Each structure stands twice: as C-alpha cells, then as structure tokens.
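> Below you'll find the structure I mean.
The values are calculated or read from the model by the stated rules, or taken from the named source; none is laboratory data. The structure displayed is predicted, hence computed values, not measured ones. Reconstructed Cβ throughout: ideal geometry from the backbone, glycine too, with neighbour counts over all protein chains shown.
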Amino acid sequence: MTELATHIAAPRPQWRRRRVLPGFGLTLGFTLTYLSLIVLIPLLVLFFQAAGAGWPKWWAELTNPRTLSAFRVSFGIAFLAALLNAAFGLLIAWVLVRYRFPGRRLVDALIDLPFGLPTAVAGIALASLYATTGWIGRPLAAFGIRIAFTPLGILVALVFVGLPFVVRTVEPVLRDLDREMEEAAALLGAHRGHILAKVIFPPLVPALLTGFTLAFARAIGEYGSVIFIAGNMPGITEIMPLLIVIKLEQFDYLGATVIAAMMLVASFVLLFAINLLQGWTRRRQGA
Amino acid sequence: MQIPRVALSVLALFTGLQVLASSQGIADSTLLNVSYDPTRRFYAAVNKAFAARWEAEQGEAVRVYQSHGGSGAQARAVIYGLEADVVTLALASDIDAIASRAALLPKEWQRRLPQNSAPYTSTIVFVVRKGNPKDILDWPDLLKPGVQIITPNPKTSGGARWNYLAAWGHALRHNQNDEGKAWDFVGALYRNAPVLDTGARGSTITFVRRGIGDVLIAWENEALVAANEVAKGDLEIVVPSLSVLAEPPVALVDKVVDRRGTRALAQAYLDFLYTPEGQTIAAEHYLRPTLPEVAARFADRFPKLELLTIADFGGWAVAQKTHFGDGGIFDQIYKPGS
Amino acid sequence: MPDSAALTRHWDPVQPARGRISLPLTERAVVRVLLIAVALLFLTFFLVLPLVVVFVEAFREGARVYFAALAEPEALAAIRLTVLTAAICVPLNTAFGLVAAWSITKFNFPGKSVLLTLIDLPFSVSPVVAGLVFVLIFGLQGLFGEWLAARGIKIIFAVPGIALATLFVTLPFVARELVPLMDSQGTTQEEAAITLGASGWKTFRRVTLPNIKWGLLYGVLLCNGRAIGEFGAVAVVSGHIIGLTNTMPLHIEVLYNDYAFAASFAVASLLTLMALVTLGIKTVLEWRLGAAATTP
C-alpha cells in the first residue's frame, strides 16, 4: 500500500527516500557484520586457500579417480534419495492433507523428526536397524539383500534426512489449492486420474521442485548419519565429506580445501536454484 | 515471551565468562594424553594408577585427560594445535610427522626413552568366527575364494599400516623376496576387503558387532579384548606363522609441556609406563610388556610367533614413503572401485 | 492454473448420466486405503523404526546400565558442553535473526535477495566444510594459529572452536523463520506506531514482537535442536578430549567405538527425547493456533 503511494507520489529512487521506520543503518550494518564474521569471511578464506593451491593441484584433485568416485557417490546417491523423497513426500503430503485417518495428526507431527534429530543418533539407529543383525537387515539378508555398508545404506540414511523437505514444502500449496477447479473439471466430465494429472499436479510442481532441491542439497553434505552406515570403501561407498576428513587426516590440507571448495561451489549453485524456485512458487501461489 | 533484556544480558555475560573460563583450558595439574584407538581401557587404568602414585609421592592431585582416535587423525590434531602433553600413538611415523611438520618435539625424540620409546609392543593376528568355518590358518588362506577380510584403511589408521606390513613381509618371505609377488598378494588381500574403516576400532566393531567378514586382521590386544571380553565365545584367535612386531611409541611434546610447565609431570607419566606397575597394567590389557620380569609372568598370555620388525622394511621413514605416501604402493595397488 | 481448453475438450454433452450424479471429487476408497497404507509403511520404515530402535537398544542391558551411562562423569561433561554450546549459539543467532529479519522485511534496498541467499548459505554447506574453515583459520597451521598460540588463546580443540562451528551451522534458522513471516505482515502496523510517536525500540517490542512471537519460538526451537545435535562440524574442530571437548553427539561416537553400545544408545535416547519434546512443543503450538501462526 505504502509502496504504491510512494511510487505515485515521488519519482525519487526508492532507496533514497526518507524512511519512516528507524534503524535501517544499524540493523543492516549488524546483519552484514555478523554474517561476514561468522560465514562469509571464513568461506572466503577457504576459497583463497584453495585458490592458492594453484591450478595444477586443482586439476590433480579434480581428475583423481577417488575424488571423482566420491563425487559420483555423494551426488548420485543424494539425487536418488531426493527423488525418492520427492515421490514419497508428495504421496505423504497428499495423504496428510486430503484424507482423514486415525493418527493423522500424530503422523503429521512426526514428519519433522529428521529436522530435530541429531545426525549421529540417526546414524547409529539406522546402522543398527539395517545391519545383517538388525530388525530390518536380518529378514532382508535372507533374500540376499544387504543394506548396511552398501550404497543402499547411504541411500537409506539420505532419504531419512531429506524426508521432511518435500512434505513440508508441498503441504501448504496442497492445502491452499482451489477445490473449485477440481469441482469444475469433474463437472465437465473429467475422470479422477485426469483431474489429478492436469488440474492438481501442475500447481504443485514448483513446490515439489523446491522440496526436491532442498532435500538434494541437504543430502550432498550430510556426514553424521551416513558415516555409521556407509562402508567407506573408495569408489563405492565413500562420500565427499568423508574424503575431506580423510585428506585432513593424511595432512593433505590443500587437497581437503580443494574438495571443500568444489563442494561449496555446488552448494552455492543449488542454493541459487532453490531461491529461484521458491520465488517461482511464491509467484504461482499468489497468482 | 517478554523476557526482560536484563535477564538476557546476564545470561550472555554468564555464558561469556564460562567460555572464557573453559578456554583457558586445562589447569596446571592436568595432562592431556593423545592416544590411538584401541588403548582406551588401558589408559583409563594407567591414569588411575598413576594419579594414585603421584598423589602419594608428591601430594598433588593430578588428572590425565584422554583423547582417542585413528593414529594418523590424532597426529593431525596435534599438528593443528591439540595441546597434547604426551602422545602415545600407533607408530613412530605419526610422531615423526608431528616433529617435522609442527616442530613440537625434536626429531630425535625416539631415542629419549628405552626400547625406541615403546614401553609395550604388540603384533598382528587374525580373528575368525567360532569354529573357524573358513579354515583360516595362515596368510595364504586369506586369499581363499569367498573369504572376506576386514582390515582398516592404511591411509588413516595406524593399525592398518602394521597389518599391511605384516602381509607384505610374509609375501616377501615366501616368494624369495619377489616384490612383484608381494604386490600381487597384498593387492588381492585388499580387493577381498568389503569395508575399510578409518580406524582399527572401527574394523573390530564391523567384524564383531555388525557381523561382516570372515576374518579380521587386528592388533593382538584388540583381538584378545574382543575374543575374551566383548564377544566371549563367539570368536577365535588365529596366530599366523609370521607377523610384525608393532612398536607403538610414546613421547613428550616439548613445546607444550614447556608452555604449560608440566614437563616433570609428563616425564613421570611416561616413565610410569616402564615401571613394573605400569608394565603389569599393560599386560593385563593384552599389550606385550618389555620389562623382562613382567613379560615372564605373563608369558603364556601371548602366543609365540616369528616377528619381523620395522627395521626389516627399512625403518618407518622409508616404509611410510614407499607404501603409504601419496602415490605410494598402496595407492597403486588399491584403485577405487576396482 | 488449469488449461480451460483441456477441460472443454473432454466435455461430451451426449454422454448419458449414470444413475445418480456423482462427481469424482476424490479417489475410490480402495485407492485411498492403498495410498494411506503405502505412506504409513514408508514412514514406519524410515521414521518410526529408527526412533523405536534407539530406545530398545538403550535399555537392552537394563535400566541400571542406562542410568549409570548417563551419570558417568564423562557423559555429564558432554551434556554440560552441549548445553553450554546451545546457550551460547541460540541467543546469538536469535538476536541475529531478529535484526536481520527487521532489516530485510521492513526496508527496501538493492541486493536483498543476495543477502537472503547468503544467510541461507550455511544450510547448504556440508558441516565438515564448516568445521574445516575454522581449523584453517584458527588452527596452529592456519592463518592466526601462531598469533593465538603465542598468547595462549585456544580456539580450535577447545570450547570456543566448538561454539564457532555450531554458530556457523545454526545461523540461518531463526532468520529463515522470521523473514517470510514478517514479510507477510508488512510494515503498516509499525509505521502507524512510529507516526504516533513511539520510538523504534518501543515499536519493535510492543508491535512487532507480539506479532511474530510464535514464529520466533519455532525458529528458536529449530536452532536449539540443531545446536544440540550438530555432529560433523564439531567432530572436525573438537579434538575429542573425553570429558572436555566432547559434545553429546561426539560422546555417542566415543561410546560406540568403545563397545559400550547400550551406553551410546542411552546418550542417544536423551538427545532423541529432547528432539521429541521440541517436536511436541511445536505441534501443540500449531494445533492451538493453526498453522497460520507459524508460517506466513
């Protein structure tokens, strides 16, 4: 409202007008300082140290088969986990929003558990469950399926940590969905499958993609819950954060820094994508 | 929700003071012993006995803090500033790294204490399931088809490097020192390892608790603790024909003890490890004592086998560079994903 | 928005109406039951069972061992350190969240979205990387290492390092909750207060805070949960000095590695209880006030 009035009234550049609310300089200054001290400067240091390693070292690290394998493992399994979370997250959000069943509110509350549960706790719990001596691992082992210590184990851990993301981003959109459109489509003779695919699903896509990317980003960097259930075998079950730790332990600080910088670049790209998608979602919802 | 600002600032002040207080670190009658993975129970017992003795002799209460982890990881931590008064690691190469990369102790540290600064020794043995179903009796049996071997990652674990050298030594011995054959043997061994944990203790847990693998190559003391205490009755120890004498060394970290003024205390702590009391505690925790009278007393606790020493591999400086350094033999044998 | 052309394509006025008029407004009952079953099964495997196994394993050796594990001096030290870390990080990041949200939502300036992205950065950075950056800066071989060592100031491998790493990792939580909430609330109420003569500080306390208090509480709870449970970042900077620089998650690893499985699950169960309590508070808030109170 006020913005509209201002636009009409004064053609001065927006950020030069006198502000009604006080504290702009102070709060922005504090925000930037705090952020710089805790996050930005340390990350810049990382980049500078990595850059100081020189291009030959970068290239050696980038093309090292072990690094490439770790990339593949981390990104590949995180991608699969995010896909699983997208599919099941959509299903769970649907079931929670559209249906009524006993215990629905309890289930809804439980979804946030991976957000609040420490990763180490998740790690030992999942390792215990899915080992060949565990509750789930033992019956599966009878079929020859091994989960702990295989890439499947990492998949399980990453699905766990990413579980709430898709559900929580899709739920509000589903809730706000206009039932009138569904009713109109039904009245016009569309059958349910058609309604689901053409009327209900499209508005969910931005939220779904946002949730997927959030789960993906989380899964790539995950450490605590994975190392208890992964086998740490180079090329098969060695994740990138673990490779960083191993390089540190081998006194290869430069190598560790280079890999960390690469992960950081990937994180930044994903973050940018997430913010774009969230903006898209907000615009779609407002429309 | 309207917590008064005063209360918040008091809380902030209090936590600030707490932080300051704890950042001053450990007070003067304390020591930090940075050790490798399998020695937790051993040093818990040593610290108790040493504290009692020091109090009786000097009238001062002392507390020894412990930090445990893979030997390589712990060395890294000390290089990066973990204020260890003493380090008690798995192999000399890790302490050499502390000396060369951080100059925290002199390069000749190993000569300052008896027996190459190793108050106790150990060796490498095999652990198998009850009844030895795969019939593992010696090194060549490890390569039988279908046998899965559990051993840690030599890049991070000290024990893993002793394991590797024992395997290499055996292969050389039985192939007339043909390095190519040794290469093949060790390579095949690691290809049959489904999991490489970052530390010796991790491998033991994988084998014992998670039930993965048919044979575990482990420190003797790790194996004995697992077989006699943790999984009593479920495991058997198999002693190979040839193994390596593992000498986990101990050292004073000069720069730290001088800064903290704990040199006398730290020296006494290390000396305690060589006394009959210290040696007895070592034997009770399945570490081979070096003091002859204690060794004689516990002789039947430790199996007899032929042992190679690190000198047979050219010393740690050579062995570390040749086998475990970047691009060394292990890196070449063990290609990821192959 | 659905394509109206697509809808009309399927309109066939000649189609005979069956018996009674029923619109396919929801799936057939069989499909509904199936979907619910699949969803619940998925959640059981991935959510419920891990929760249950923590408590079962914790009590596997009996209640006496359980309580003894928690009463051990090293466990108590770990609990103290965890609580201390949370006590440092949560107020600081809450203050940051409030200030940042105020500056972002009540004013317009170029680069707002960049700032938002930067605040979100710790979310996508691997915790191990977070720990690594502080080791690179404050470790003995790092930027300030020698300077700090000469003055006897310990950051890495001591409590300040753990606090810094946790601060990094938990930075966005409160801000992320408050920004959309305050954004949707707009500036009109605050402007009215200012024009009526209230000072900025008074406006914030009397107008803004009451509006955002549940969102703030939610953000604080999330921040607290993460601060207590952080593992990767702290593992890199901690030094694992048992009884001194081990937080509860690290202590779990220590116990696990020392064959004390029941004890490690005992400590884990304590953390799980804290997480469940946090969840419970948040859920109760949402039931009482509706989801609208905590989300925009």
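> Any idea which of A:LEU83, A:LEU129 is part of a helix (DSSP H, G or I) and either within 7 Å of chain C (Cβ to nearest Cβ) or without any contact (Cβ under 8 Å) to a residue 40 or more places away in the chain (or both)? Give the steps one after another, and end with the answer.
Values: A:LEU83 fails: either within 7 Å of chain C (Cβ to nearest Cβ) or without any contact (Cβ under 8 Å) to a residue 40 or more places away in the chain (or both).
Only one candidate passes the filter, namely A:LEU129.
> Okay, moving on. Residues in the stretch B:48-63: is at least one over 30 Å from A:ASP252 (Cα atoms), hydrophobic (A, V, I, L, M, F, W, C) and in a strand (DSSP E or B)? Talk me through it step by step, then tell me what you get.
Just the residues of the stretch B:48-63 that are over 30 Å from A:ASP252 (Cα atoms), to begin with: B:48-63.
Of the ones still in play, those that are also hydrophobic (A, V, I, L, M, F, W, C) are B:49-52, B:54, B:56, B:61-62.
Pick out the ones that are also in a strand (DSSP E or B) and you get none.
Checked the stretch B:48-63: no residue is over 30 Å from A:ASP252 (Cα atoms), hydrophobic (A, V, I, L, M, F, W, C) and in a strand (DSSP E or B).
> Sticking with this one: If we scan the stretch C:194-201, do we find a residue that is away from chain A (no Cβ under 11 Å), at pLDDT 85 or above, more than 24 Å from the chain's Cα centre (by Cα) and farther than 26 Å from C:TYR218 by Cβ? Before you say what the answer is, go through the steps one by one.
First, pick out the residues of the stretch C:194-201 that are away from chain A (no Cβ under 11 Å): C:196-197.
Now narrow it down to the ones that are at pLDDT 85 or above: C:196-197.
From what's left, more than 24 Å from the chain's Cα centre (by Cα): C:196-197.
Then keep just the ones that are farther than 26 Å from C:TYR218 by Cβ; that gives C:196-197.
Yes; the residues of the stretch C:194-201 include at least one that is away from chain A (no Cβ under 11 Å), at pLDDT 85 or above, more than 24 Å from the chain's Cα centre (by Cα) and farther than 26 Å from C:TYR218 by Cβ.
To keep it simple, each residue is scored yes or no on (1) modelled with pLDDT under 90; (2) within 14 Å of chain C (Cβ to nearest Cβ).
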| residue | (1), (2) |
| --- | --- |
| B:PHE50 | no, no |
| B:TYR65 | no, yes |
| B:GLN74 | yes, yes |
| B:ILE79 | yes, yes |
| B:ASP85 | no, yes |
| B:SER100 | no, yes |
| B:PRO114 | no, no |
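> A follow-up question, please. Of all residues in the stretch C:91-119 being more than 7 Å from chain A (Cβ to nearest Cβ) and of a type in the set (S, T, N, Q), which is surrounded by the most Cβ atoms within 10 Å (Cβ to Cβ)?
It comes out as C:ASN93.
> Residue under question is C:LEU132, and the condition is that it be at the interface with chain A (Cβ under 7 Å from one of its Cβ atoms) and at pLDDT 90 or above; does it hold? Before the answer, list the steps.
Values: at the interface with chain A (Cβ under 7 Å from one of its Cβ atoms): yes; at pLDDT 90 or above: no.
When the stated conditions are applied, C:LEU132 does not pass them.
> A further question follows. Which one of these is small (Gly, Ala, Ser), on the phi < 0 side of the Ramachandran plot and more than 10 Å from every other protein chain (Cβ to nearest Cβ): A:ALA109, A:ALA142? So that I can check it myself, show each step before the final result.
Values: A:ALA109 fails: more than 10 Å from every other protein chain (Cβ to nearest Cβ).
Unique residue meeting the criteria: A:ALA142.
> When you look at C:GLY161, is it of a type outside the set (D, E, K, R), modelled with pLDDT of 90 or more and buried (at least 24 other Cβ atoms within 10 Å of the Cβ), yes or no?
Working: of a type outside the set (D, E, K, R): yes; modelled with pLDDT of 90 or more: yes; buried (at least 24 other Cβ atoms within 10 Å of the Cβ): yes.
The answer is yes for C:GLY161.
> Within the group A:PRO114, A:PRO56, which residue is more than 7 Å from chain C (Cβ to nearest Cβ), surrounded by 14 or more Cβ atoms within 10 Å (Cβ to Cβ) and assigned to a helix (DSSP H, G or I)? Full working, then the answer.
Values: A:PRO56 fails: surrounded by 14 or more Cβ atoms within 10 Å (Cβ to Cβ).
After ruling out the rest, the residue left standing is A:PRO114.
> May I ask you to list the residues in the stretch A:173-215 that are free of Cβ contacts under 8 Å to residues at least 12 places away in the same chain, assigned to a helix (DSSP H, G or I) and in contact with a His (Cβ under 9 Å, 6 or more places away or on another chain)? Talk me through it step by step, then tell me what you get.
From the stretch A:173-215, those free of Cβ contacts under 8 Å to residues at least 12 places away in the same chain are A:178-180, A:183-184, A:186-194, A:196-197, A:201-202, A:205; that's our starting set.
Next, from what is left, pick out any that are assigned to a helix (DSSP H, G or I): A:179-180, A:183-184, A:186-187, A:192-194, A:196-197, A:201-202, A:205.
Correct list: A:HIS194 only.
> Further, regarding this structure: Applying the selection to the stretch A:189-200, what residues are facing chain C (nearest Cβ under 7 Å) and surrounded by fewer than 16 Cβ atoms within 10 Å (Cβ to Cβ)?
A:HIS191
> Can you tell me how many residues within the stretch A:254-287 are among the aliphatic types (A, V, I, L, M) and more than 23 Å from C:ALA233 (Cβ to Cβ)?
Here is the first cut: in the stretch A:254-287, the residues among the aliphatic types (A, V, I, L, M) are A:254, A:256, A:258-266, A:269-271, A:273-274, A:276-277, A:287.
Okay, now just the ones that are also more than 23 Å from C:ALA233 (Cβ to Cβ), so A:273, A:276-277, A:287.
Of the residues in the stretch A:254-287, 4 are among the aliphatic types (A, V, I, L, M) and more than 23 Å from C:ALA233 (Cβ to Cβ).
> Scan the stretch A:65-80 and tell me whether some residue there is free of Cβ contacts under 8 Å to residues at least 60 places away in the same chain and farther than 24 Å from A:ALA230 by Cα.
The first filter runs over the stretch A:65-80 and keeps only residues free of Cβ contacts under 8 Å to residues at least 60 places away in the same chain, leaving A:68, A:72, A:76.
Okay, now just the ones that are also farther than 24 Å from A:ALA230 by Cα, so none.
Checked against the condition, which is being free of Cβ contacts under 8 Å to residues at least 60 places away in the same chain and farther than 24 Å from A:ALA230 by Cα, the stretch A:65-80 yields no hits at all.
> List pairs: first residue in the stretch C:253-281 and within 16 Å of C:ALA63 (Cβ to Cβ), second residue among the charged types (D, E, K, R) and in a helix (DSSP H, G or I) anywhere in the structure, Cβ distance under 6 angstrom, at least six positions apart or on different chains.
Listed pairs, sorted by first residue: C:PHE265/C:GLU57.
> Let me ask something else. Quick test of your reading of the structure: B:ALA97 fulfils all but one of (1) in a loop (DSSP other than H, G, I, E, B); (2) within 21 Å of the chain's Cα centre (by Cα); (3) within 23 Å of B:PRO38 (Cα to Cα). Name the failing condition by number.
Condition (1) is where B:ALA97 drops out.
> Need the failing condition index for A:LEU254 against (1) facing another protein chain (nearest Cβ under 8 Å); (2) farther than 30 Å from A:LEU91 by Cα; (3) at pLDDT 80 or above; (4) part of a helix (DSSP H, G or I), just the number.
Unmet condition: (1).
> Pick from the stretch A:95-109 the residues that are touching a helix residue (DSSP H, G or I) at 6+ places or on another chain (Cβ under 8 Å) and of a type outside the set (Lys, Arg): which of them is nearest to C:LEU279 (Cα to Cα)? Can you show your working first?
Residues of the stretch A:95-109 touching a helix residue (DSSP H, G or I) at 6+ places or on another chain (Cβ under 8 Å): A:95-99, A:101, A:104-105, A:107-109.
Then drop every residue that is not of a type outside the set (Lys, Arg), which leaves A:95-97, A:99, A:101, A:107-109.
Details: A:VAL95: 21, A:LEU96: 17, A:VAL97: 19, A:TYR99: 23, A:PHE101: 21, A:VAL107: 12, A:ASP108: 11, A:ALA109: 7 Å.
Within the stretch A:95-109, the match that is nearest to C:LEU279 (Cα to Cα) is A:ALA109.
> Residue check, A:LEU254 against (1) crowded, with 21+ Cβ neighbours inside 10 Å; (2) in contact (Cβ under 8 Å) with a residue 40 or more places away in the chain; (3) out of contact with any Pro (no Cβ under 9 Å at 6 or more places or on another chain); (4) among the aliphatic types (A, V, I, L, M), all met but one. Which one?
(1)
> Output the residue which, of all residues in the stretch C:162-193 that are among the β-branched types (Val, Ile, Thr) and within 9 Å of chain A (Cβ to nearest Cβ), is farthest from C:SER113 (Cα to Cα).
Applying the first criterion (among the β-branched types (Val, Ile, Thr)) to the stretch C:162-193 yields C:162, C:166, C:169-170, C:174, C:179, C:187-188.
Checking the rest, the ones that are also within 9 Å of chain A (Cβ to nearest Cβ) come to C:187-188.
Values: C:THR187: 18, C:THR188: 22 Å.
Once the filter is applied, the top-ranked residue is C:THR188.
> Determine whether A:PRO22 is free of Cβ contacts under 8 Å to residues at least 40 places away in the same chain, in contact with a helix residue (DSSP H, G or I) (Cβ under 9 Å, 6 or more places away or on another chain), outside any helix (DSSP H, G or I) and closer than 30 Å to C:LEU92 by Cβ. Can you show your working first?
On the way: free of Cβ contacts under 8 Å to residues at least 40 places away in the same chain: yes; in contact with a helix residue (DSSP H, G or I) (Cβ under 9 Å, 6 or more places away or on another chain): yes; outside any helix (DSSP H, G or I): yes; closer than 30 Å to C:LEU92 by Cβ: yes.
Spelling it out, A:PRO22 is indeed free of Cβ contacts under 8 Å to residues at least 40 places away in the same chain, in contact with a helix residue (DSSP H, G or I) (Cβ under 9 Å, 6 or more places away or on another chain), outside any helix (DSSP H, G or I) and closer than 30 Å to C:LEU92 by Cβ.
> What are the residues in the stretch A:107-161 that are closer than 15 Å to A:ALA219 by Cα and among the aromatic types (Phe, Trp, Tyr), if any?
Correct list: A:PHE115, A:PHE160.
> Read through the list (1) surrounded by fewer than 21 Cβ atoms within 10 Å (Cβ to Cβ); (2) of a type outside the set (Gly, Ala, Ser); (3) more than 30 Å from A:LYS247 (Cβ to Cβ); (4) more than 22 Å from the chain's Cα centre (by Cα), then give the number of the only condition that B:ILE333 fails.
Exception for B:ILE333: condition (3).
> Conditions: (1) crowded, with 24+ Cβ neighbours inside 10 Å; (2) outside any helix (DSSP H, G or I); (3) out of contact with any Asp or Glu (no Cβ under 8 Å at 6 or more places or on another chain); (4) not acidic (Asp, Glu). A:ILE236 meets all but one. Number of the miss?
A:ILE236 satisfies all of (1) crowded, with 24+ Cβ neighbours inside 10 Å; (2) outside any helix (DSSP H, G or I); (3) out of contact with any Asp or Glu (no Cβ under 8 Å at 6 or more places or on another chain); (4) not acidic (Asp, Glu) except (1).
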